[in-house]
1. Compute, for the stretch 40-101, the length of the dipole vector about the Cα centre, with Cβ point charges of +1 (Lys, Arg) and -1 (Asp, Glu) only. Units Debye, rounded to 20.
2. Give the angle, between 0 and 90 degrees and rounded to the nearest 10, that separates the Cα long axis of helix 18-28 from the longest principal axis of the Cα atoms of the chain.
3. Calculated from DSSP H runs of 4 or more alone, at -39500 (n - 2.57) each and per residue, what is the 222 nm mean residue ellipticity of the chain, nearest 500?
4. Among Phe92, Ser117, Ile143, which residue has its Cα furthest toward the positive end of the charge dipole of the chain, with +1 on Lys/Arg Cβ and -1 on Asp/Glu Cβ?
5. For the chain, take every pair of Cα atoms, bin their distances at 10 Å starting from 0, and report each bin as a whole percent.
6. If you filter the stretch 30-84 for chymotrypsin sites (Phe, Trp or Tyr not before Pro), then keep DSSP loop positions with at most 12 other Cβ within 10 Å, what is left?
7. Could you tell me the relative contact order of the chain? Use alpha-carbon pairs under 8 Å, at least six residues apart, and round to a whole percent.
8. Based on Cα coordinates alone, diagonalise the gyration tensor for the stretch 37-83, multiply each eigenvalue by 5, take square roots, and list the semi-axes in whole Å, largest first.
Amino acid sequence: METTLIILKPDAVQRGLMGKIITRFEDKGLAIVGMKMMTISQELAGTHYADHKGKPFYDGLVGFMTSSPVCVLAIRGVGAIAIARSMMGATFGSKADAGTIRGDFGVSNSFNLIHGSDSPEAAQKEIGLFFGEGDIQNLDRAIEGWVYDMSGGDPE
Ligand code: IDP
Ligand code: MG
């Protein structure tokens, strides 16, 4: 099982799209094991997007991410990191495929609704940045055996 860090960015919150986006992850069968709203500080945005420092869009990105509240989620499932990334779609709303979150809900290349960790290392780091230890739930889902084939012992 992997846990990935998802941020519903300020445009998703302001546009009232939180429910629709969260529903997609729930419908897919991924488990939501952490969720909160917060306003990202300049410092946290800088740490989270440290790899992009110096790029032409960096200042705008930090300004955008700190401009209004976000909704942060920890989402768990087998292969959750790659699954969530494919559900998000390509970075630019103008280019993202229909059927993806960015493809269906946005047209902008900077207001692109959602962040998702892009590797296990990033997920671990980002969950640590945005959540405290007790914030991530051990969710024992009653439906687990219908989401995954557990007949072999491991979720398939
Ligand atoms: P990702 O979010 O799909 O992983 P990254 O390349 O890691 O995309 O970029 C991080 C974020 O920076 C994007 O989600 C987007 O908000 C912003 N961004 C990336 N490239 C541009 C750009 O060319 N113009 C404006 N914003 C950008
Ligand atoms: Mg990225």
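1. My answer is approximately 140 debye.
2. Computed tilt is about 30 degrees.
3. About -10000 deg cm²/dmol.
4. About the Cα centre, the residue reaching furthest to the positive side is Phe92.
5. Each 10 Å bin holds this share of Cα pairs: 11, 40, 37, 10, 2, 0.
6. Here the sparse-neighbourhood loop sites are Phe57.
7. Computed over the chain, the figure is 33 percent.
8. 23, 15, 8
Every number here is computed from the coordinates shown, using simple stated rules; none is lab data. Everything numeric in this text was worked out from a predicted model, so none of it was measured. Positions of Cβ are generated from backbone atoms using ideal geometry, with glycine treated the same way; all protein chains shown enter the neighbour counts.
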